[in-house]
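The values are calculated or read from the model by the stated rules, or taken from the named source; none is laboratory data. Fair warning: this is a prediction, and the values are worked out from it, not measured in the lab. Neighbour counts run over all protein chains shown; Cβ positions are idealised from the backbone, glycine included.
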Amino acid sequence: MNSLPTFDQLLAVENEKALKDLGKIKDGKRAIGVNGIRKILYQGLFIESFKLKGRNSYANLFNYIQKLANKFNISDDDPHDGLFKSRAAKYVFALTQADTQLRRSLLGVESNLYRDQEKAKSWRNNIAMLIHPDKCSIPDAHLAFDKLDELYKSMTSE
């Protein structure tokens with residue numbers, strides 16, 4: 001494996017063979033840690049804890065990834081709200097740990113935000129109120145707030 005898989009790539013794995021194609025077991029486990037999954041899980045943002053247990057095998061790693069993937073199953077309703085302890089936790093995770101597709105889903109980013117500056121501003125302000133570092137005690141809230149500003153600027157720049 002030349003580079004570690006991303007969070008989205010791990011969640012998209014459909015079987016043990018696809019997991020093997022991503023690389024060695026130790027690389028898959030390392031990717032889970034490096035991509036912040038383990039760090040974020042242990043920061044207490046999630047309602048349920050996840051632990052990778054058992055011997056090193058593709059089956060064990062695949063089962064762990066499937067458990068994560070089931071929790072991150074995107075629905076059209078209000079995705080992921082049953083997984084996180086709070087909306088602020090959801091937004092901090094999305095902005096600091098999630099890859100593009102998952103980030104957009106968690107943040108509720110829609111194409112109209114790129115066309116309508118007022119809607120984009122309202123969207124940004126609603127999230128900013130929850131994750132502002134002066135009001136939010138979640139680790140990495142300051143980083144999430146900075147990333148929110150970057151995303152907002154990309155929406156409103158011409």
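Annotations
- Residue ID - modelled with the lowest pLDDT, chosen from residues in the range 58-81 that are out of contact with any helix residue (DSSP H, G or I) (no Cβ under 7 Å at 6 or more places or on another chain) and closer than 17 Å to L19 by Cβ: N70
- Looking across the range 97-122, the residues that are without any contact (Cβ under 8 Å) to a residue 12 or more places away in the chain and assigned to a helix (DSSP H, G or I) come down to R103, R104, N112, R115, E118, K119, S122.
- Residue check, S137 more than 10 Å from V92 (Cα to Cα), out of contact with any Cys (no Cβ under 8 Å at 6 or more places or on another chain) and part of a helix (DSSP H, G or I): no
- In the range 82-96, the count of residues that are touching a helix residue (DSSP H, G or I) at 6+ places or on another chain (Cβ under 9 Å), under 26 Å from H132 (Cβ atoms), modelled with pLDDT under 80 and part of a helix (DSSP H, G or I) is zero.
- Residues that are among the hydroxyl-bearing types (S, T, Y) and surrounded by 14 or more Cβ atoms within 10 Å (Cβ to Cβ) were ranked within the range 102-155; the one that is farthest from the chain's Cα centre (by Cα) is Y114.
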